[in-house]
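Take this structure first; my questions come after.
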Amino acid sequence: MDYIQIGKDYIMNTYSRFPLVLVRGKGAVVYDDQGREYLDFVAGIAVNNLGHCHPSVVAAIKEQVENMIHCSNLYWNAPQAELARLLVENSFGDKVFFCNSGTEANEASIKLVRKYSKENYGENRYGIITMHQSFHGRTLGSLTATGQTKYHNGFAPLVEGFKYVPFNDIRALEAAIDENTCAVMLEPIQGEGGVYEVQENYLYQVRKLCDEKGLLLIFDEVQCGMGRSGKLFAYQHYGVQPDIMTLAKAIAGGLPLGAMIATDKVASAFKPGDHASTFGGNPVACAAGVAVMKELLGGVIDNAREMGDYLKAGLLQLKQIHPVISEIRGKGLMIGVEFNMQEVTGIVNKAMQKGLLLLSAGHRVVRMVPPLIITRTEIDKAIDVLDDVLKEMGV
Ligand code: PMP
């Protein structure tokens, strides 16, 4: 069967896809329907943090589907309660709202900051400030929050009340705040925007400004959270806590799950009936999430930190030989390699032909977000492939 052709015939054309049909994955390796093997430095776009089909995740899912697949949030379920407890015990937060994706977690955060601020400061407190080059999702609220305005084209009118400021510029943020502003939303490490970290002190200054002005601070850790940066949550590198954090992607080992975590003070603005999601906190996804949390806390994050340093060192060596590499950024296993060229798609395509899956972030950055269980040998192999690709391209 030609599933690429069938897909082209029947699936709406919203993605630019590579011509691969993936059928199986184990650890950091995936296989296509031709039996070819690829080293996966995309990991479902920072989703498969434990690698593909991790035995603990597979076992947790199997056990849960035998007992209950769905039960609705009219009732309680054990995996959801257990995952909420693990998230709260290991973060700044007190309460969790579960949904199914990153964009949905961000929508929940937009509603929560508005409800909280209107109740505490009056009807006109609804403005949200986000960052240039940020990415927060594709549904209308999160899309409006997204500071890469290329994604807005064709979808106006967007949601009212959003402003955008340059990332890492505290003066611009201060200047943008007015009497309507209720919250600031940012990614501690921007992913889609090209792997840009917050600068030293910036988060601290943002927190201080928010406290002075009575604003809430939302961290979108959909991409940089869940061990990706070498700590469970990226904000933990900077010693600054938000009022709300959003999570998704890696949280349930590949099943759809999103979460919004908030302090008690802020979370209490939501009352029964204020927000909901039919599948949010589904028991199967949450059982997988509990398994993910246990593995992450059981040593996987340490590997992410160590292997992140190892990968960065390898890339820095490559930069010596290939001056077309202009910068290497990121933390843990969330790494951006910026190239001094117009377009990195050639690099990504050639690497794929040589058995290495890579991802771009914008036009000039190759993003590397391999599973956090990656080994030295696998990193050496990836560096060798990238070296070969650059040599072949004569750059
Ligand atoms: N926030 C960030 C930081 C993201 O990277 C993404 C996805 N790339 C999203 C939100 C949206 O997540 P989802 O695709 O699950 O809606």
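The values are calculated or read from the model by the stated rules, or taken from the named source; none is laboratory data. The structure displayed is predicted, hence computed values, not measured ones. Here the Cβ positions follow ideal geometry from the backbone for every residue, glycine too, while neighbour counts run over all protein chains shown. Ligands, DNA and RNA are stripped out before the accessible areas are found, and what is left, the full protein with its side chains, is counted by its heavy atoms. Shrake-Rupley method; radii C 1.70, N 1.55, O 1.52, S 1.80 Å.
A quick yes/no check of all residues on (1) more than 16 Å from the ligand (Cβ to nearest atom); (2) closer than 21 Å to MET245 by Cβ:
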residue: GLU37; (1), (2): yes, no
residue: VAL47; (1), (2): no, yes
residue: GLY51; (1), (2): yes, no
residue: HIS54; (1), (2): yes, no
residue: VAL58; (1), (2): yes, no
residue: MET68; (1), (2): yes, no
residue: VAL96; (1), (2): yes, yes
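Now for a different question. Looking only at segment 197-219, which residues are closer than 17 Å to GLN236 by Cα, outside any loop (DSSP other than H, G, I, E, B) and either touching a Lys or Arg at 6+ places or on another chain (Cβ under 7 Å) or free of Cβ contacts under 8 Å to residues at least 60 places away in the same chain (or both)? Walk me through it before giving the result.
Residues of segment 197-219 that are closer than 17 Å to GLN236 by Cα, as a first pass: 197-208, 217-219.
Next cut, outside any loop (DSSP other than H, G, I, E, B) only: 197, 202-208, 217-219.
Those that are closer than 17 Å to GLN236 by Cα, outside any loop (DSSP other than H, G, I, E, B) and either touching a Lys or Arg at 6+ places or on another chain (Cβ under 7 Å) or free of Cβ contacts under 8 Å to residues at least 60 places away in the same chain (or both): GLU197, TYR202, LEU203, TYR204, GLN205, VAL206, ARG207, LYS208, LEU217, PHE219.
Right, something else. Any residue in segment 225-251 that's closer than 18 Å to ALA43 by Cα and open to solvent by 20 Å² or more (accessible area, probe 1.4 Å): show its pairings with residues that are in a helix (DSSP H, G or I) and within 15 Å of the ligand (Cβ to nearest atom) at Cβ separation under 9 Å, as long as the two are six or more apart or on different chains.
Pairs that qualify, where the first residue is closer than 18 Å to ALA43 by Cα and open to solvent by 20 Å² or more (accessible area, probe 1.4 Å) and the partner is in a helix (DSSP H, G or I) and within 15 Å of the ligand (Cβ to nearest atom), are LYS249/GLY44; LYS249/ILE45; LYS249/ALA46; LYS249/GLY102.
Residues being within 24 Å of PRO370 (Cβ to Cβ), in a loop (DSSP other than H, G, I, E, B) and either in contact with a strand residue (DSSP E or B) (Cβ under 6 Å, 6 or more places away or on another chain) or of a type in the set (Ser, Thr, Tyr) (or both): count how many of those fall in segment 223-265.
Number of matching residues: 7.
Scan segment 27-45 and tell me whether some residue there is closer than 27 Å to GLN223 by Cβ, loosely packed, with under 13 Cβ neighbours inside 10 Å and free of Cβ contacts under 8 Å to residues at least 60 places away in the same chain.
No, that holds for no residue.
Same structure again: Do you know which of the residues in segment 126-156 that are among the β-branched types (Val, Ile, Thr) and within 14 Å of the ligand (Cβ to nearest atom) is surrounded by the fewest Cβ atoms within 10 Å (Cβ to Cβ)? Give the derivation first.
In the first step, residues of segment 126-156 are kept if they are among the β-branched types (Val, Ile, Thr); the result is 128-130, 139, 144, 146, 149.
Then drop every residue that is not within 14 Å of the ligand (Cβ to nearest atom), which leaves 130, 139, 144, 146.
Details: THR130: 26, THR139: 16, THR144: 24, THR146: 27.
In this case the residue turns out to be THR139.
What tally of residues in segment 293-313 results from selecting those that are within 12 Å of MET334 (Cβ to Cβ), in contact (Cβ under 8 Å) with a residue 60 or more places away in the chain and open to solvent by 40 Å² or more (accessible area, probe 1.4 Å)?
So the count comes out to 1.
As an exercise: evaluate GLU200 against (1) modelled with pLDDT of 95 or more; (2) surrounded by fewer than 17 Cβ atoms within 10 Å (Cβ to Cβ) and give the number of the one condition it does not meet.
Failed condition: (1).
Would you be able to tell me the number of residues in segment 160-175 that are buried (at least 16 other Cβ atoms within 10 Å of the Cβ) and more than 25 Å from ALA234 (Cα to Cα)?
The total comes to 1.
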